[in-house]
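> The structure follows.
The values are calculated or read from the model by the stated rules, or taken from the named source; none is laboratory data. Just so it is clear, the model here is predicted, and its values are computed rather than measured. In this analysis, Cβ positions are derived from the backbone assuming ideal geometry, glycine residues included, and neighbour counts consider all displayed protein chains. Protein only, heavy atoms only, side chains kept; ligands, DNA and RNA dropped before computing areas. Shrake-Rupley method; radii C 1.70, N 1.55, O 1.52, S 1.80 Å.
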Amino acid sequence: MADENEPTALGHEVFQIDTRMAGYDGITAGYLIRSDRPCLVETGTAPSAPVVRDALAQLGIGPGDLATVVVTHIHLDHAGGVGDIAAMFPAAQVVVHQRGARHLADPSRLMASARLVYGNALERLFGVLAPVPAERIVALDDVGTVDLGGGRRLDSHYSPGHAKHHVGLADSDSGDLYVGDAAGVYLPETGDVRPATPPPDFDYQAALASVRKFAALQPARLLFSHYGPVTAVGETLDRSVEEITVWVEETRQARAAGLDLDHAVAMVRDRTNERYAACHPDADPAIAQKFERVSSSVGNVEGILRWLGQTEPDSAR
């Protein structure tokens, strides 16, 4: 009988791994590039590390085989398991943008900040990020390269807006672009695209510039951490820009009306739900719940309000 969490082959020796975040299916993906120097892109959370390890074992990658672990950014749903994975695969280097490197070596500030946001739910959702030995961390500049062996490489492209430590990763062989959260989240069940604009780093102009940078790279395919591959590249990136803009405009209107966070979220949700098949009255409620889980309306509006407070301090009523 096949393992229900068997990795999905995507071609070009790329395999999608469901990290089973918080026990859910289809929330966060990791990707193995089974090249001459095998590379894992995204680890998922700390509790996901054994799931990812077992998936790698199914793909023939044992403790001494993994050469590199790359995270697009250090949010805990993407990198929370990196310390555990580093311990499980002691030959692997850990690659991250330079703005995130110190937090992987010493996660104390990152975990303290996350605990303020998630409280008692933190460990259930994300576990605890274990430190990575500093000598195993490779810090990327705004443009960098990860050697996949055999002439294949991942080129990193700094892409802030969602997070100040975010990179997109372009595979020279497959043409894939690992977009992290910079282009938002993708729901494969419905084809919906929704922004990811949480505090504290959301920056509207930087987010738009990052999506346009991705478009200029002309990738063959987008690999979303939430969730899966997309071949309609231009259409999806255009939709990403549109969604970010709509959410900013609606949140700006709520702020101008003097609404508090809860009422602003309710207004923005009411005005944006019609954009998504997942939120249609006839849709499966479980799909809408899943969409909300990977792109929280509260988090999105809160991040935009913070950005508006910094950039348009006098515009609120």
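> Kindly indicate which of L76, L116, L104 is of a type outside the set (D, E, K, R), within 22 Å of A29 (Cα to Cα) and either without any contact (Cβ under 8 Å) to a residue 40 or more places away in the chain or surrounded by fewer than 16 Cβ atoms within 10 Å (Cβ to Cβ) (or both).
Answer to the check: L104.
> Collect the residues in segment 293-306 that are under 15 Å from the mean Cα position of the chain (by Cα) and open to solvent by 10 Å² or more (accessible area, probe 1.4 Å), keeping them in residue-number order.
Going through segment 293-306, the residues under 15 Å from the mean Cα position of the chain (by Cα) turn out to be 293-296, 299-300.
R293, V294, S296, G299, listed by residue number.
> I need every pair where a residue in segment 179-205 that is closer than 19 Å to G234 by Cα and without any contact (Cβ under 8 Å) to a residue 60 or more places away in the chain has its Cβ under 7 Å from the Cβ of a residue that is in a strand (DSSP E or B) and aromatic (F, W, Y), sequence separation at least 6 or different chains.
Y186/F224; V193/Y186
> If you go through segment 48-62 one residue at a time, do you hit one that is in contact (Cβ under 8 Å) with a residue 12 or more places away in the chain, at negative phi and of a type in the set (K, R)?
yes
> Let me ask another. Need at least 2 residues that are closer than 17 Å to T72 by Cβ, in contact with a helix residue (DSSP H, G or I) (Cβ under 8 Å, 6 or more places away or on another chain) and open to solvent by less than 10 Å² (accessible area, probe 1.4 Å) per element, so show me which strands (runs of 3 or more DSSP E) inside segment 150-263 make the cut, counting only ones lying wholly within it.
The qualifying strands (runs of 3 or more DSSP E) are 176-180.
> Hey, another quick one. Would you check which residues across segment 36-68 are open to solvent by 10 Å² or more (accessible area, probe 1.4 Å), closer than 16 Å to A9 by Cα and assigned to a helix (DSSP H, G or I) and list them?
D54, A57, Q58
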